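Right, one structure below, let's go through it.
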Amino acid sequence: MVGLLAWLSPAVAAKDFPGSPERGKALFKQCLACHQVGETAQNAFGPVLNGVVGRKAGSYPGYDYSHALQESNAKGLIWTEDLLTQWLHGPSDFVRLYLGNPKAHSKMPIMVEDAQARRDVVAYLGTLAHESSNMDTAGHDLSMVTTAASKEVADLVAKLERVKLDLVPPPMLPLHDQATTGDPKVVVVELTVQEKKWVLDSDGTAIMALTYNGSIPAPAIVAHEGDYVELTIRNPSSNLMEHNIDLHAVTGKLGGAALTTVTPGNQATIRFKATKSGTFLYHCAPEGIMTPYHVTHGMTGVILVLPRQGLTDEKGNSLTYDRAYYIGENDFYVPRDATGKFKQYSFSGEDLNDWVASMHSLTPSHIVFNGRVGGLTGKDAMKAKVGERVLFIHMQGNRDTRPHLIGGHGDYVWETGSFSSPPLKDVQTWFVRGGAAGAALYTFKQPGLYVYLNHNLIEAVEFGAAGHVMVEGGWNSELLQSLYHGSLKQ
């Protein structure tokens, strides 16, 4: 501690250059990507900062602190405004000096270079009392206990059949019934977060991806309207970041995100009723800038909620499919160095500052199907046979997209994903809104290679948003026949 106090010379002490809480509050908006404050604050990428001034370092309940801050806690470090000001100047430098360990490092990847900004932010933090919270010391939302444990609901659900859903990598969907009879079921789903290196293209451009179950996009979840879904999300201790899940099919609590936020080494389980049928997006949503950061690192998926009677046309007639494919369209914002080359990173979160700056350009480096350029081509192409009716589900977490099947059509299209709305018929190109998923049925009539793409052709050709469908069968000359191909005739 003596060395640290020597480092904190009077010339830089916060009390000698007092900050402005008002300016600090405005600046702190940039910190909300990682930290929450206020009455309902929860641990996020960083711990809750209510009452941090005067608090023992590494002590907020439920947060998985770095080894360096755990050691600082054991040594008795108490945060003062002066010490917090120095911390913001370089968190890893701070703990190395405090612990006398040149190998110590902090999980916090950001430093504030501007001295006045540091003082202003710390002055604002000094105004934050130890707010009350609806979270217990383990991070559980106490406001939900009574409802979640309601005897009536518990008795009802206990009588229902439980079915574990065997998730599969995209573009495939889990085995499922297109229509169902009888009582609703409890569909049991398990998702494990994997932070892993992911290669985006044939040039070897790689990111430290954030995934559910190791795939981009995440596995599709399938249930029927009226079913209950019991979902567990696990965040292994080998990960570095906090994660959760926001399901657009869920009612309340930020689509489940407010109940499923888990730091490394923890898990959470929720149960929700699938009250609306359709194709719905799900994604990670840690709040603030961390939500688009996680989404653009691969954390998007689809939940398909089928009507109990199955799909129907505008007259209520049954529509079935022989195959189903799930196309996840993702946009990535890989940062470049001064020479224009894509940067490489070694651990999750290391690219945070660079990636956020790249996102602010609103110009993706890659727009791809199923995780990489060519992810649905070659041996990974979708397959069908002439005469088969295929269901295509198309998801995009951020950007509007325009699916088109070259040489085919959308016989029936649920553009918004709502199965309670009548489908559009005979559509050439359909529209899927960013933050949604749509569905289309097409019966293949000719064999050969079909290109399925985003018909923003720049994004398809130059950024990678295209895939293939290989169709087997006999040719129908009535539908299309080559009559002549050669030199110009007089």
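So here's what we get for this one:
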| quantity | calculated |
| --- | --- |
| Options GLU415, GLU350: the member that is charged (D, E, K, R), at pLDDT below 95 and touching a strand residue (DSSP E or B) at 6+ places or on another chain (Cβ under 8 Å) | GLU350 |
| Condition check for LEU453: more than 18 Å from the chain's Cα centre (by Cα), surrounded by fewer than 16 Cβ atoms within 10 Å (Cβ to Cβ) and not in a loop (DSSP other than H, G, I, E, B) | no |
| Residues of segment 223-238 classified as open to solvent by 10 Å² or more (accessible area, probe 1.4 Å) and either under 16 Å from the mean Cα position of the chain (by Cα) or polar (S, T, N, Q) (or both), total | 4 |
| Pairs with Cβ under 8 Å, 6+ apart, first in segment 335-358 and closer than 22 Å to ASN239 by Cβ, second polar (S, T, N, Q) and crowded, with 17+ Cβ neighbours inside 10 Å | PRO335/SER358; SER348/ASN239; TRP355/THR296 |
| Of all residues in segment 183-212 being among the hydrophobic types (A, V, I, L, M, F, W, C) and under 18 Å from ARG271 (Cα atoms), the one that is farthest from the chain's Cα centre (by Cα) | VAL186 |
| Test: TYR452 is among the aromatic types (Phe, Trp, Tyr) and in contact with a Leu (Cβ under 6 Å, 6 or more places away or on another chain) | yes |
| Among (1) in contact (Cβ under 8 Å) with a residue 60 or more places away in the chain; (2) open to solvent by 10 Å² or more (accessible area, probe 1.4 Å), the one test that GLY407 misses | (1) |
| Hits in segment 15-58 (condition: among the small types (Gly, Ala, Ser), over 25 Å from ALA74 (Cα atoms) and either buried (at least 17 other Cβ atoms within 10 Å of the Cβ) or modelled with pLDDT under 90 (or both)) | GLY19, GLY24, ALA26, ALA33, GLY38, ALA41 |
| The listed residue being touching a helix residue (DSSP H, G or I) at 6+ places or on another chain (Cβ under 9 Å), of a type in the set (D, E, K, R) and in contact (Cβ under 8 Å) with a residue 24 or more places away in the chain, out of ARG399, ARG433 | ARG399 |
| Residues within segment 292-323 that are over 16 Å from LEU391 (Cα atoms), in contact (Cβ under 8 Å) with a residue 40 or more places away in the chain and open to solvent by 10 Å² or more (accessible area, probe 1.4 Å), tallied | 5 |
| Long-range neighbours under 6 Å by Cβ, at least six apart or interchain, first residue within 23 Å of ASN353 (Cα to Cα) within segment 89-114, second open to solvent by 70 Å² or more (accessible area, probe 1.4 Å) | GLY90/MET111; SER92/HIS105; ARG96/PRO102; ALA104/ARG96 |
| Members of segment 414-430 found to be buried (at least 17 other Cβ atoms within 10 Å of the Cβ), under 28 Å from the mean Cα position of the chain (by Cα) and more than 12 Å from GLY278 (Cα to Cα), listed by number | TRP430 |
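Residues checked against (1) more than 31 Å from the chain's Cα centre (by Cα); (2) part of a helix (DSSP H, G or I):
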{"position": "TYR63", "(1), (2)": "no, no"}
{"position": "SER72", "(1), (2)": "yes, yes"}
{"position": "GLY76", "(1), (2)": "yes, no"}
{"position": "LEU88", "(1), (2)": "no, yes"}
{"position": "SER92", "(1), (2)": "no, yes"}
{"position": "ARG96", "(1), (2)": "yes, yes"}
{"position": "PRO109", "(1), (2)": "no, no"}
{"position": "VAL112", "(1), (2)": "no, no"}
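The values are calculated or read from the model by the stated rules, or taken from the named source; none is laboratory data. Nothing here was measured: the structure is a model prediction, and the numbers come from that model. Glycine also receives a Cβ, built like all others from the backbone with ideal geometry; neighbour counts cover every protein chain displayed. With ligands, DNA and RNA removed, areas are computed over all heavy atoms of the protein, side chains included. Shrake-Rupley method; radii C 1.70, N 1.55, O 1.52, S 1.80 Å.
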